[in-house]
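J.: Once you've had a glance at the structure underneath, I'll fire off some questions.
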Amino acid sequence: MEFHSLSVCNHLLLYIELTATTLTSWHLLVTFCSLHVALWMKFFEHKPFDPRAVLGFGVLNGISIGLLNLSLGFNSVGFYQMTKLAIIPCTVVLETIFFRKMFSRKIQFSLVILLLGVGIATVTDLQLNMLGSVLSLLAVITTCVAQIMTNTIQKKYKVSSTQLLYQSCPYQAITLFVTGPFLDGLLTNQNVFAFKYTSQVVFFIVLSCLISVSVNFSTFLVIGKTSPVTYQVLGHLKTCLVLAFGYLLLKDAFSWRNILGILVAVIGMVLYSYYCTLETQQKATETSTQLPQMDENEKDPLVSAENGSGLISDNGVQKQDPVWNSNKDFQA
């Protein structure tokens with residue numbers, strides 16, 4: 001019985017390795033169907049917006065997933081981990097340049113600590129090659145842009161994460177379904193559809209598709225409610241938890257380097273959360289103190305006159321406040 005279970009697991013792992021990109025397209029297709037059912041049951045409302053933005057966003061998301069899989073296929077695991085670590089600084093640079101978003105020194109410091117810890121815990125061998133390096137660079141750029149767009153589109157068009165995911169899922173699924181078999185065949189030299197689909201494999205494929213619905217939904221929700229950088233921080237927390245649970249439950253090999261890296265990464269995550277919370281509270285305090293001052297200025301006729309505001313007549317023409325109406329004072 002144990003031997004049969006191991007053979008099923010090995011068969012399933014082989015399938016996942018051979019069909020990573022194609023399987024992702026099925027995940028997105030099932031996500032779209034699930035959201036369509038939720039829409040039919042009126043769990044959320046459909047809110048159409050710029051179709052060009054949806055199309056570009058969906059295709060870009062699909063391309064970024066395909067490039068990440070290619071990066072893993074043409075690089076060592078260590079270099080792939082470096083690629084994932086590079087997403088955070090690249091996102092910070094892009095948001096600073098194009099969106100004028102300011103990251104404080106404390107936030108930058110906490111991110112450096114986090115990346116250092118994850119690097120110590122996960123990065124082992126670094127084998128470089130030209131093709132793999134180019135693919136990794138493209139994967140980092142497209143992933144950063146796609147995640148930034150996830151946040152900006154929701155705010156610009158005032159759509160929820162569910163509405164954006166529902167409209168972009170078909171384009172992502174089509175992009176990956178068209179390119180997936182070719183990319184998977186390029187990486188494994190095998191035909192995806194020639195794989196032996198046993199009942200156990202089909203069961204786990206369906207299970208993974210159902211789980212992917214919550215994963216895709218939570219991804220859009222976290223990025224929309226927080227930021228792409230915060231989403232990446234949570235992603236690295238997931239990596240640390242996978243390593244820790246692998247050691248505790250599966251008795252995977254663990255070294256002092258893994259332990260040190262996880263501890264440093266956790267310190268970076270705690271600092272990042274603390275500084276983000278502190279800055280959010282400071283902004284809320286500043287906003288709350290500015291609002292009463294604005295209300296007082298609007299009520300004060302002297303300040304209103306200095307700001308150029310006055311009374312509005314019945315026909316919509318602005319009139320000067322009587323206190324400062326120099327023409328009436330002269331005529332009197």
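The values are calculated or read from the model by the stated rules, or taken from the named source; none is laboratory data. It should be emphasised that the depicted structure is a prediction, and the values quoted were computed from it without experimental measurement. Glycine also receives a Cβ, built like all others from the backbone with ideal geometry; neighbour counts cover every protein chain displayed. Ligands, DNA and RNA are excluded from the accessible area calculation, which covers all protein heavy atoms including side chains. Shrake-Rupley method; radii C 1.70, N 1.55, O 1.52, S 1.80 Å.
J.: What is the spin-label model distance, in nm, from residue 193 to residue 174 if the labels are put 7 Å beyond Cα along the C-beta direction?
T.: Rounded to a tenth, the inter-label distance reads 1.9 nm.
J.: Sticking with this one: Run the Debye formula on the Cα coordinates of region 188-286, all scatterers equal and no solvent, and tell me log10 I(q)/I(0) at q = 0.25 1/Å.
T.: -1.20
J.: Here's another thing I want to ask about it. Ranked highest first by average number of other Cβ atoms within 10 Å, how do 87-97, 101-111, 54-64, 160-170 line up?
T.: 160-170, 54-64, 87-97, 101-111
J.: Then there is this: In bins 10 Å wide, starting from 0, what share of all Cα pairs of region 177-240 does each bin hold, as a percent?
T.: Reading upward from the zero bin: 17, 28, 34, 20, 1.
J.: If you rank 158, 42, 238 by how much accessible surface each has, with a 1.4 Å probe, what is the order from largest down? Working shown, then result.
T.: Numbers: 158 150, 42 175, 238 120 Å².
Result of the area sort, largest leading: 42, 158, 238.
J.: Here is a follow-up. Could you compute the FRET efficiency for residue 274 and residue 203, with r as their C-beta to C-beta distance and R0 at 45 Å, rounded to 0.05?
T.: 0.55
J.: For region 118-245, compute the orientation-averaged projected area of the C-alpha convex hull (one quarter of its surface), in nm². Present the calculation step by step, with values, prior to reporting the outcome.
T.: Values: hull surface 41.2 nm².
Averaging across all directions leaves 10.3 nm² for the Cα convex hull.
J.: Taking a probe of 1.4 angstrom, what is the accessible area of residue 36 in Å², to the nearest 10?
T.: 90 Å²
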